[in-house]
Amino acid sequence: MAEIKVEGLSKEFGVGEDRVVALENVNLDVGGHVFVSVVGPSGCGKSTLLNILSGIETPSSGKVTITQDNHDAEPGYVFQAARLLPWRTVMDNLLFVQKDRSDATRARCQKYLEMVQLGDKVDKYPGELSGGMQQRVGIARAFSIEPDVLFMDEPFSHLDAITARSLRRELHDMWSQTKKTVLFVTHDVGEAVELSNRILVFAKGGKLEDDLQIDLPFPRDPAEEDVAVAKAQVLRKFEELDLIAS
Ligand SMILES: Nc1ncnc2c1ncn2[C@@H]1O[C@H](COP(=O)(O)OP(=O)(O)OP(=O)(O)O)[C@@H](O)[C@H]1O
Ligand SMILES: [Mg+2]
């Protein structure tokens, strides 16, 4: 189990005329077995939030605390682009982030590559794979370290609709079977409603505008009326907050 606590978090880039406020005074408490989506218009600080949580960026002010039962595990991170090492094979890209290269570790990596339908591509190099396949390697790599916390930044946005749908299911099955905390950035309100217990709505200027609970049972079929109604409610919220126009 894990808990993420964000207190008074702000982030600015640049100075003078170039100054951009990416996040402004964000307060957040996310803990336990929850699937949290972060939604909002382009440039509202979603990636910056994940980058700070995962230690890639430092805050300008405020504090982030992540506590995990498994103290050895680093949070897993799936980027907007796959970011694989091109000179390493698929299997070596996964092994690179592991603590050891034992047979058990290798078998675990193989298991997650099979989960994303790439069990037969372990010896390929990233350049030999399609963009969607590379993205799936990135997802398997994050899963393979079996972290308590998984940060995902629009992991399915570059994939075709069918692949994205099957990976959404895989991700959700995995989340249901484990006690992971997932923080998932997406532009897609439908995807957020399908996957999450909780949706954090950000607005331009990096403000956390709303924190919505979606209390519907999983798995959620977008064609089901309850799910469609929830999606319409979230979109209405976007309109109220004037996020669609911005
Ligand atoms: N390294 C950086 N240097 C300067 N400005 C940055 C940097 N990273 C982000 N920004 C700015 O901070 C703001 C928030 O960017 P961020 O990438 O977090 O947005 P986002 O919500 O993830 O957008 P998108 O949905 O397009 O991915 C933007 O105005 C962006 O231009
Ligand atoms: Mg982003």
(request) Considering (1) farther than 20 Å from Ile66 by Cβ; (2) not in a helix (DSSP H, G or I), say which one Ile162 fails and leave the rest. (result) (2)
(request) Might you let me know whether region 49-61 holds any residue that is away from ligand 2 (no atom under 16 Å from the Cβ), open to solvent by 10 Å² or more (accessible area, probe 1.4 Å), in a loop (DSSP other than H, G, I, E, B) and within 21 Å of Leu195 (Cα to Cα)? (result) no
(request) May I ask you to list the residues in region 198-229 that are assigned to a loop (DSSP other than H, G, I, E, B) and crowded, with 18+ Cβ neighbours inside 10 Å? (result) Gly206, Ile214, Arg220
(request) Being open to solvent by 20 Å² or more (accessible area, probe 1.4 Å) and within 16 Å of ligand 2 (Cβ to nearest atom) is the filter here, so list the residues in region 160-194 that pass it. (result) His187, Asp188
(request) For region 148-165, state whether one or more residues are touching a residue at least 24 places away in the same chain (Cβ under 8 Å), over 19 Å from Gln80 (Cα atoms) and within 15 Å of the chain's Cα centre (by Cα). (result) yes
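This table checks each residue for (1) assigned to a helix (DSSP H, G or I); (2) within 16 Å of ligand 1 (Cβ to nearest atom); (3) in contact with a Lys or Arg (Cβ under 6 Å, 6 or more places away or on another chain); (4) within 19 Å of Glu154 (Cβ to Cβ).
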residue: Val38; (1), (2), (3), (4): no, yes, yes, yes
residue: Lys63; (1), (2), (3), (4): no, no, no, no
residue: Asn70; (1), (2), (3), (4): no, no, no, no
residue: Ala73; (1), (2), (3), (4): no, no, no, no
residue: Tyr77; (1), (2), (3), (4): no, yes, no, yes
residue: Ala82; (1), (2), (3), (4): no, yes, no, yes
residue: Met91; (1), (2), (3), (4): yes, no, no, no
residue: Thr105; (1), (2), (3), (4): yes, no, no, no
residue: Asp120; (1), (2), (3), (4): no, no, no, no
(message) I'd like the full set of residues that are open to solvent by 50 Å² or more (accessible area, probe 1.4 Å) and within 16 Å of ligand 2 (Cβ to nearest atom), limited to region 62-100.
(response) Gln80, Ala81, Arg83
(message) Looking at region 25-36 only, could you name the residues that are part of a loop (DSSP other than H, G, I, E, B) and hydrophobic (A, V, I, L, M, F, W, C)?
(response) Val34
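Just to be sure, is Arg19 of a type in the set (Lys, Arg), under 30 Å from Gln134 (Cα atoms) and in contact with a Phe, Trp or Tyr (Cβ under 9 Å, 6 or more places away or on another chain)?
When the stated conditions are applied, Arg19 does not pass them.
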(request) Quickly run through region 16-33 and pick out the residues that are within 19 Å of Thr65 (Cβ to Cβ) and within 16 Å of ligand 2 (Cβ to nearest atom). (result) Leu23, Val26
(request) Name every residue in region 133-158 that is open to solvent by 20 Å² or more (accessible area, probe 1.4 Å) and either of a type in the set (A, V, I, L, M, F, W, C) or out of contact with any strand residue (DSSP E or B) (no Cβ under 6 Å at 6 or more places or on another chain) (or both), in order of residue number. (result) Met133, Gln134, Arg136, Arg141, Ile145, Glu146, Ser157, His158
(message) Looking only at region 1-36, count every residue that is aromatic (Phe, Trp, Tyr) and near ligand 1 (Cβ under 9 Å from one of its atoms) and tell me the total.
(response) 1
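I'd like the residue in region 34-48 that is farther than 17 Å from Ser10 by Cβ and more than 9 Å from ligand 2 (Cβ to nearest atom) and, out of all such residues, is modelled with the lowest pLDDT.
Taking region 34-48 first, the residues farther than 17 Å from Ser10 by Cβ are 34-37, 39, 41-42.
The next check asks that each one be more than 9 Å from ligand 2 (Cβ to nearest atom); those that pass are 34-37, 39, 41.
Numbers: Val34: 96, Phe35: 96, Val36: 97, Ser37: 97, Val39: 94, Pro41: 87.
Among them, the one singled out is Pro41.
The values are calculated or read from the model by the stated rules, or taken from the named source; none is laboratory data. Note that the structure is predicted; figures quoted are calculated from it, not measured. So basically every Cβ, Gly included, is an ideal-geometry build from the backbone, and we count neighbours across all protein chains shown. SASA here: full protein model, heavy atoms, side chains in, ligands and nucleic acids out. Shrake-Rupley method; radii C 1.70, N 1.55, O 1.52, S 1.80 Å.
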